[in-house]
1. Cβ-Cβ under 7 Å, sequence separation 6+ or interchain: first residue in the stretch 53-75 and over 11 Å from L372 (Cβ atoms), partner small (G, A, S) and assigned to a strand (DSSP E or B). Which pairs?
2. Looking at the stretch 332-382, which of its residues are β-branched (V, I, T), under 28 Å from Q121 (Cα atoms) and assigned to a loop (DSSP other than H, G, I, E, B)?
3. Here are R44, R88: which of them is without any contact (Cβ under 8 Å) to a residue 40 or more places away in the chain and basic (K, R)?
4. For the subset of the stretch 397-432 comprising residues that are touching a strand residue (DSSP E or B) at 6+ places or on another chain (Cβ under 8 Å) and of a type in the set (D, E, K, R), which member is nearest to T144 (Cα to Cα)?
5. Regarding the stretch 60-81, can at least one residue be identified that is at pLDDT below 95, surrounded by fewer than 20 Cβ atoms within 10 Å (Cβ to Cβ) and on the phi > 0 side of the Ramachandran plot?
6. Just one of T387, T400 is over 30 Å from Y77 (Cα atoms) and of a type in the set (S, T, Y); which is it?
7. Kindly indicate which of L205, L213, L246, L261 is closer than 15 Å to I171 by Cα and either within 17 Å of the chain's Cα centre (by Cα) or not aromatic (F, W, Y) (or both).
8. Going through the stretch 96-127 one residue at a time, which ones are surrounded by 21 or more Cβ atoms within 10 Å (Cβ to Cβ) and not in a helix (DSSP H, G or I)?
Amino acid sequence: MNTATLSVRANPGPDTAIELRDPCPPILDAAFLRNPYPAYHRLRAAGPIHWSEEFFGGAWLLTRHEDVEAVLRDPLYSARRTGGWVMRGSEDERQALCPFQRLFSRAMLFLDAPDHMRLRQALNAGFRPAALRAFAGTIEQMATGLMDRLEGTEQFDFMEGIAKPLPAMVIASLLGADAGDQPDFLAWSEDLAAFIGSPAPDQGLKRRAQASLLKMSAAFEALLARRRAQHATRPQTEQTDLIGHLLHAEAEGRIEAGPELLAQCAMLLFAGHETTRNLLGNGLHALLSHPEQWQRLRQSPELLPNALRELLRYESPVQYTGRRVTTDMVLNGRRMQRGDLVVPLIGAANRDPARYRNPDELDITRREGSHLSFGHGPHVCIGAALTLMEAEIAFRALLTRWPGLELVESEPHWNSNPVYRGLASLQVRHLS
């Protein structure tokens, strides 16, 4: 690590800011994808902020909990960042990707106030506690049904059997989407996850993501048309799913028909299952890799809500996000320019020893404040309560049905996505 590029003290004045952007050594290798935490610790020990050319052609990496939390909260760091991400390339390449950018950039994830707040308020009704409580029984039935299919099978892939299908079923049902579309939705979401998870997406990856987003949007466009027609013939029918709430917001002028509405539908579907399935897979792997923690949870199931918070901290399903600097500024001794990309490393922040005691240890009784796995500030995950409810229902069912669950393989099969950290497969067995 080139320590000549590091700040000499925290937040000095502009006259002492360091101008150099010597890139830090590469970190995105096979070892990182298996286990990113040693690399995070090395970066954090060397300094709070580093310039890296591995991420999107150049970005500032933040490693410490305090800084990551502050950037996620501060409006001086903009969520609007898709242009340089999607549209980097030749003129022909940019023209080819205009349909992708037109939809992708309208998702609430990539908007600032006031548009972000307007869309968030339109969606909030579907995530209110009363609405989620009313949906809990449906989630329990779905989880039970998936586990029933595995009954009598001593060994199975938890990701394929439960972690992947359950969140997809839940978010499709909550949206009001057709159950038969779930396999297509999953495949399309995989292409979007591969694009979002690449720190340097090539043209092929972008084109596949565009094709899948357009197919997903076409499916929602047809669904929205059917729902509008139903409402025209039965205007008094209550629509309590997310599509119903979105159409109500459209009718009131709080959300625009066309790309804006379609982008929110696609975002909800994608985000609604991508991170939840990784919480389920990462969480079960962490617990079964620490048998004493699984045993403690079996003996004290009332610890489950706290255990989920610790599992999210310990192995965050989302390892980093991005923001754009909106004005020239100095952060931790580095002079950043308007338009610079900042990458808050959530996975590093969640293992910061300045914030958590023995951060590399899994402790389901830990009570040291919240993690950053759902984000922070205005863009905190709108579906966090739904994700936690799904996970609690699933883990309670696992503890009750298969208390003797154990890992089959000592080495997990991690996916190759540095953003959405998760397992490609997780072979487990239960003892009768």
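The values are calculated or read from the model by the stated rules, or taken from the named source; none is laboratory data. None of these values were measured; they are calculated from a predicted model. When we count neighbours, we look across all protein chains shown, and the Cβ atoms used for this are built from the backbone with ideal geometry, even at glycine.
1. Cβ pairs passing all conditions: A59/S52; L61/S52.
2. Taking the stretch 332-382 as the starting set, the residues that turn out to be β-branched (V, I, T) are 342-343, 346, 364-365, 380, 382.
With the extra rule that they be under 28 Å from Q121 (Cα atoms), the set shrinks to 342-343, 346, 380, 382.
Answer for the stretch 332-382, where residues must be β-branched (V, I, T), under 28 Å from Q121 (Cα atoms) and assigned to a loop (DSSP other than H, G, I, E, B): V380, I382.
3. R88
4. Applying the filter and picking the extreme gives R429.
5. no
6. Working: T387 fails: over 30 Å from Y77 (Cα atoms).
It is T400.
7. Step by step, each of L205, L213, L246, L261 is checked, and only L246 is closer than 15 Å to I171 by Cα and either within 17 Å of the chain's Cα centre (by Cα) or not aromatic (F, W, Y) (or both).
8. R106, A107, L111
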